[in-house]
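See below for the structure under consideration.
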Amino acid sequence: MAYGVAMALAVGLGLPIAVLAAATAQGKAAAAGMESIARQPEAFADIRQVLLISLAFIESLVIYALLMFLLLMGKLPAVVVQ
Amino acid sequence: MGEEHVATIFNAIRAIPGFQHINPGVPASWFVIIALGVVCALGTRRMQRVPSGLQNLVEWAYESLASFIERLMPEGGRRWTPFLGTLFLYILVMNVLGVIPGFVSPTANLNMTLSLALVVFLTTHVVGVAHHGGIGYLKNLAGEPLILAPLMLPVHLITELARPVSLSVRLFCNIFGEDKVVGSLIMIGALIFNAAHYTLPLPLQLPIVLLAIFTGFVQALVFLMLSASYIAGAIEGGH
């Protein structure tokens, strides 16, 4: 029973924790990007490219957590109603 | 992610003996290949100096891709336009195909994205070895101060091995996850009035479908940018 509880908590909480960290990091990256665009508007294309790559790298970490979620979702023990 | 019987327009292929358990994404990818090939063939026949119509569209697409890739890869970028541009268009159309009812995204399958990532992986290493020679390429992997080679070489090797994994998993999970979200919203929208015994399904999934189209475009763009930077890194080799 403890295994089921632990598994359910892991499945439920793993992805949101990853999302928390990634949202913070992406917010910082986007803020830095916007600030640099404001300082130098003619470099917009280069900054946009680096910003998108950085956001995609951070997002891919959340996607790994989503992959774990998808793998574990089928392994949850069945609910027994007593 | 078990065996799911997806109803697509290509299910008729299952009638052919030998094709019975084919994944629905595989004939969808054939469809994308044939459709892109037909559009490009029609756009480049009887080419005129001042383009119009389909030739204009094809030339605009090629020129945008060529200039974008040229900015990504400072040396010899335009030469890579056929390979990287085809990769981008193929992935883009495959990602967006799932939005159309009756079709399924081939990239919602890890096999498809892994094969695309492996193509890029092999390209980077073959190009790197061809450019620098075998020993030179290993020296690039070892890093700048040669004393640190026993430390840097495993780090760089693991980085190189992690790249196809991250490319494939990123593309697969983004598209597959979006498909699942849209599917769940369709189910919620269909069942939302069930408690009141109405059978009026609401199209709750429409905003998320727009987001899925946008995600498909962004993921194709990210795949292109990362592949271009990996290939450029293998060519110039400086760390």
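The values are calculated or read from the model by the stated rules, or taken from the named source; none is laboratory data. Every value quoted in this text rests on a predicted model; they were computed, and no experiment measured them. Because the Cβ atoms are built from the backbone with ideal geometry, glycine has one as well, and the counts that use them run over all protein chains shown.
Worth pointing out:
- Residue within the range B:101-122 that is without any contact (Cβ under 8 Å) to a residue 24 or more places away in the chain and in contact with a helix residue (DSSP H, G or I) (Cβ under 6 Å, 6 or more places away or on another chain) present: no
- Within the range B:40-74, the set of residues being in contact (Cβ under 8 Å) with a residue 24 or more places away in the chain and over 18 Å from B:Leu226 (Cβ atoms) comprises just one member, B:Ala61.
- Residue match in the range B:220-236 (condition: more than 12 Å from chain A (Cβ to nearest Cβ), in a helix (DSSP H, G or I) and of a type in the set (Phe, Trp, Tyr)): no
- Test: residue in the range B:180-197 that is assigned to a loop (DSSP other than H, G, I, E, B), more than 14 Å from every other protein chain (Cβ to nearest Cβ), exposed (fewer than 13 other Cβ atoms within 10 Å of the Cβ) and of a type outside the set (Val, Ile, Thr): yes
- Looking at A:Ala65, A:Ala45, just one residue is within 14 Å of another protein chain (Cβ to nearest Cβ), at pLDDT 90 or above and under 21 Å from B:Leu226 (Cα atoms), and that residue is A:Ala65.
- Some residue of the range A:2-14 being closer than 19 Å to B:Val169 by Cα, part of a helix (DSSP H, G or I) and within 12 Å of another protein chain (Cβ to nearest Cβ): no
- Any hit, the range B:40-53, residues being closer than 17 Å to B:Leu221 by Cβ, away from chain A (no Cβ under 14 Å) and modelled with pLDDT of 85 or more: no
- Condition check for B:Ile208: out of contact with any helix residue (DSSP H, G or I) (no Cβ under 6 Å at 6 or more places or on another chain) and not basic (Lys, Arg): no
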